[in-house]
Every structure is written in C-alpha cells, then in structure tokens.
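Here's the structure we're looking at; comments come further down.
Any read-out appearing in this document is the output of simple, stated calculations on the displayed coordinates, not a laboratory observation. Owing to the predicted nature of the structure, the values given are computational and were not obtained by experimental measurement. Using ideal geometry, Cβ is built from the backbone for each residue, glycine included, and neighbour counts are taken over all protein chains shown.
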Amino acid sequence: MEPSTSENAYSPSTKEKVFSEQVKILHNSLPTSVPANLICAFIVFISLYSGQNKIFVTGWFIAVMLVSLFRFVAMYFFRRQPENDDLYLRIFMVGVTLSALLWSTINSFFMPKNDLSEQMIIIIMTVGVTAGGIQTLNANLKVSLAFLCMTIFPLAAWIFLQGSFNYTLLGITLIVFIVFMIVTTIRGNKLLATTLSLQYENQALIEKISVTNTKLLNYSKILYKQSTHDPLTGLYNRRYLDEALSRELKRVIREKKSSCVAMLDLDFFKSFNDTNGHAAGDEMLKFVAATMQATFRGSDISCRFGGEEFLILLINTDLSSAQLRLENFCEAVKKGEVYFQGQLLPPMTVSVGVAEAPRQGTSAKDIIHAADTALYCAKETGRNRVKCSSVSIDTTKCLA
C-alpha cells in the first residue's frame with residue numbers, strides 16, 4: 001500500500017519512511033483507542049441489556065471484546081517484529097473494519113425502535129467513537145475514511161428512514177457532522193503526511209550535510225598535509241618548520257627549557273646521484289627520512305630542509321643528549337642497506353650540526369644559522385660526524 005501523502009515530490013525512500021511512521025502511529029494509538037471503544041461499548045451494553053434482545057446484546061459485546069483482543073494481539077506482534085509495514089496495515093484495517101461493522105450493526109439493524117433514551121445513548125456513543133476513531137486513525141486516510149463511512153452512514157440511513165421531522169433534522173445534522181469530519185480528516189492527514197515528509201527530508205539533508213562536512217574535513221586534512229609535508233620523504237617541509245620552530249622557541253624561552261635544532265646533510269650526495277642516478281638518490285633520501293622517523297621520538301619534528309639537507313627539532317633536549325642521539329642516527333644510516341632495482345646501493349654517511357635553543361639562538365634565523373655553521377664545521381673536519389655549535393649567541397665559532 002502507498003503511504004497516504006499528497007506530496008509526490010518526495011523521494012521514494014522518504015515516502016517509505018513516512019508510510020512506516022504512519023503505520024507505527026496507527027498501532028501506537030491502540031492502547032488509547034481500544035479501551036475507549038470498549039468503555040463506549042460497555043455503556044451501550046448496559047443500556048440495552050434490560051431490553052428484549054439480551055442474547056444479541058451480550059453476543060455483540062462479546063464480539064467487541066474479541067475484536068479488541070485481536071487488535072491488541074496484532075499490536076503486540078507489530079511491536080516485536082515491525083518489519084512488514086504493509087502486512088501489519090492490512091491486519092490493522094481488518095480490526096478497524098470489524099469494529100466499525102459491529103457499531104454499524106448496533107446503530108442500524110438493532111437500534112431500539114420505541115425507546116428514545118436508548119436511541120440517544122447509541123447515537124451519542126456512535127458519534128463519540130467515530131470522532132475519537134477519526135483522530136487516532138488520522139495517520140492513514142483510507143483507514144480513517146473507511147471507519148467513518150462504515151460507522152456513521154448506516155446510522156444516518158436509519159435516522160432518515162424514520163420519516164419524522166425531528167429525525168430528518170437529526171439526520172441532516174449528522175450529515176453536516178460527517179462532512180465536517182471528512183474535511184477535517186483529509187486536512188489533518190495531509191498536514192501529518194507533509195510534516196513527516198519534511199521531517200525525514202530534513203534528516204536526510206542533515207545527513208548529507210554531515211557527510212559533506214566530513215568529506216570537506218578530510219579534504220582539508222589532505223590539503224594541509226600536502227602543504228606541510230614533503231611529497232617524496234613524507235617529512236615536514238620548510239613551511240611547517242617555520243611555524244613549528246617559531247612556536248617552540250617561544251615555548252622554551254617562556255618555560256626556561258632547552259630544545260635543539262640539528263642540520264643534516266648527506267655526504268657527497270651529488271656524486272652519489274651522478275653515479276647511481278637520481279631515482280636511486282630519491283630512494284636513498286626516503287631511506288634517510290625513514291631512519292629519522294624510526295630513530296627520533298614522535299614529539300621531535302623532522303623536516304626536509306631542501307635537496308639533501310634535513311632539519312630535526314629535538315624537543316626538550318639539551319646539547320649533549322642531542323649529540324648522542326644524532327650520533328646513533330648517523331651510525332644507523334651508515335650501516336643501513338638500501339636496494340634499488342634489486343641492487344645494493346653504496347652506503348651513505350651524514351654530517352650533522354646541532355645548536356641549542358635558546359642558549360645559542362632565540363629566533364628561528366639565529367638558531368638555524370648556528371646549527372648550519374656547526375654543520376659546516378662537521379664537513380670541514382672530515383664529514384660523517386656530529387658537531388655542536390659554540391655556546392655564545394653572538395658568535396658562530398663551533399666547538400672542535
């Protein structure tokens with residue numbers, strides 16, 4: 001069955017969700033509507049029991065209770081396994097139909113002929129059950145209109161068949177009531193269907209926005225990584241270094257701690273490239289970068305400074321500790337085996353200059369210059385070694 005919605009612009013998935021919600025609303029109304037129906041039926045039973053049709057009235061009330069039980073059992077199974085909405089709506093309609101037929105039977109074929117008070121009780125109870133039923137069945141237009149027609153039309157027919165002016169006036173009043181209820185039912189159903197449709201469309205829109213935001217966030221992370229990382233080695237680049245080094249220098253000055261900056265250069269890398277090719281050189285650069293990441297801490301910042309030059313920022317590390325760790329790194333590079341196209345490449349050595357901040361530089365320019373000068377000393381004194389910068393900020397003299 002199609003969901004009772006007047007809007008065709010919504011997507012099939014939204015219509016299915018609206019239909020499912022409508023069926024759920026119908027079943028959720030049963031704990032209220034069925035007991036109310038039973039109370040009205042009991043009032044009719046009490047008022048008619050003293051008449052001549054005690055057996056019929058008793059049988060009618062028992063039938064009402066059985067139908068109510070059937071509807072409660074259907075609701076129980078729906079709540080336990082609410083997957084098949086179409087099937088449960090059909091079962092629900094069976095229960096509504098049986099209930100409406102029982103009321104149409106009592107208010108037409110077995111309406112008391114001579115007792116006006118009993119007639120009024122049945123008419124009032126029928127109208128009340130119909131009005132209440134329309135409200136609880138409003139989630140599905142077909143169900144609500146079917147209940148209205150099956151319950152009220154037989155009563156209206158009986159009233160007009162009585163022929164007197166008062167009954168005719170009462171019948172006209174009932175017809176006006178029926179028209180009013182039909183209009184109200186249609187408008188209420190459209191409003192509910194539109195509200196549910198908009199609710200699910202909004203949820204779908206929120207989900208799409210969330211997915212889009214997630215994609216944008218991922219793209220932003222990718223773009224940020226591309227803008228701050230060297231594509232060959234995966235290390236940070238100069239752009240990230242400028243931000244991180246400036247931030248770290250401010251921190252060590254503020255907290256009165258020490259961090260070290262080390263400049264690294266691959267020895268005779270140009271000759272290596274000329275002999276083995278640039279592709280082999282790239283492989284060696286990636287090996288050196290991987291060794292840096294494996295040797296130093298995750299809190300340290302390793303960067304490709306340019307070409308075969310690297311820079312590492314050793315966080316909360318003094319000069320002597322930095323020298324020891326850098327010497328271990330140089331040894332790891334020297335002993336490393338790098339294969340390219342199945343061939344073992346010649347071993348590589350590294351020259352390193354290291355300076356301590358803020359003792360040997362309070363700005364990025366000064367501390368890099370101090371480390372670079374120490375690197376120059378390492379190359380001048382034989383390469384494949386670590387040299388520390390001089391103690392004074394104002395001089396670039398390196399320690400022998």
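Give, in nm to one decimal, the length gained when the segment between PHE180 and SER164 is fully stretched (0.36 nm per residue of separation minus the Cα-Cα distance).
3.3 nm
Given q = 0.16, 0.17, 0.22 Å⁻¹, what are the Debye log10 I(q)/I(0) values for segment 185-252, with equal point scatterers placed on the Cα positions and solvent ignored?
Debye curve over Cα of segment 185-252, log10 I(q)/I(0) at q = 0.16, 0.17, 0.22 Å⁻¹: -0.74, -0.78, -0.92.
Classify segment 1-139 as rounded, prolate or oblate, taking a ≥ b ≥ c as the square roots of the eigenvalues of its Cα gyration tensor: rounded when a/c is under 1.5, otherwise prolate if a/b is larger than b/c and oblate if not.
Prolate.
Name the trypsin sites (Lys or Arg not before Pro) in segment 88-192 that are in a loop by DSSP and that have at most 16 other C-beta atoms within 10 Å, would you?
Answer in residue order: LYS113.
Compute the acute angle (0 to 90°) between the alpha-carbon long axis of helix 238-255 and the principal axis of greatest extent of the alpha-carbon atoms of the chain; round to the nearest 10°.
80 degrees
Dipole size in debye (nearest 20) for the chain around its Cα centre, Lys and Arg Cβ +1, Asp and Glu Cβ -1?
Working: 38 positive and 33 negative charges, 124 e Å.
Rounded to the nearest 20 debye, it is 600 debye.
So what is the relative contact order for the chain, in percent, with contacts set as C-alpha pairs under 8 Å and at least six apart?
Values: 512 pairs, mean separation 50.4, N = 400.
Once normalised by length, the contact order is 13 percent.
What label, among (i) 28, 63, 9, 0; (ii) 24, 47, 27, 2; (iii) 21, 25, 10, 16, 18, 9, 0, belongs to P(r) over Cα pairs in 20 Å bins from 0, in percent computed from the structure on display?
Label of the calculated value: (iii).
Return one number: the angle in degrees, 0 to 90 and rounded to the nearest 10, between the long axis of the Cα atoms of helix 364-380 and the longest principal axis of the Cα atoms of the chain.
Once rounded, the angle reads 50 degrees.
Looking at the chain, identify the longest residue range that excludes and avoids all GluC sites (Glu not before Pro) in DSSP loops having at most 16 other Cβ atoms within 10 Å.
Here the longest segment lacking exposed loop sites spans 84-336.
Scan segment 226-275 for trypsin sites (Lys or Arg not before Pro) in coil per DSSP, keeping those whose Cβ has at most 12 other Cβ atoms within 10 Å, and list them by number.
Qualifying residues, ordered by number: LYS256.
What's the exposure ranking of PHE329, PHE153, going from fewest to most Cβ atoms within 10 Å?
Listing PHE329, PHE153 from fewest to most nearby Cβ atoms yields PHE153, PHE329.
Enter the Cα centre distance for the pair segment 117-157 and segment 72-113, rounded to the nearest angstrom.
So the two Cα centres are separated by 13 Å.
Using the scaling law 2.2 N^0.38 Å as the reference, what is the normalised Cα Rg of segment 238-388?
Values: Rg = 15.3 Å, N = 151, 2.2 N^0.38 = 14.8 Å.
Ratio of Rg to 2.2 N^0.38 Å for segment 238-388: 1.03.
When the helices in the chain are scored as -39500 (n - 2.57) per DSSP H run of 4 or longer and the sum is shared across all residues, what 222 nm value do you end up with, to the nearest 500 deg cm²/dmol?
So the helix-based figure for the chain works out to -23500 deg cm²/dmol.
Computed FRET efficiency, Cβ-Cβ of LYS256 and GLN199, R0 45 Å: what is it to the nearest 0.05?
Taking R0 as 45 Å, the efficiency between LYS256 and GLN199 is 0.15.
Report, to the nearest 10°, how far helix 85-104 tilts away from the longest principal axis of the Cα atoms in the chain, using its own Cα long axis and a range of 0 to 90°.
Orientation of helix 85-104: about 20 degrees from the principal axis.
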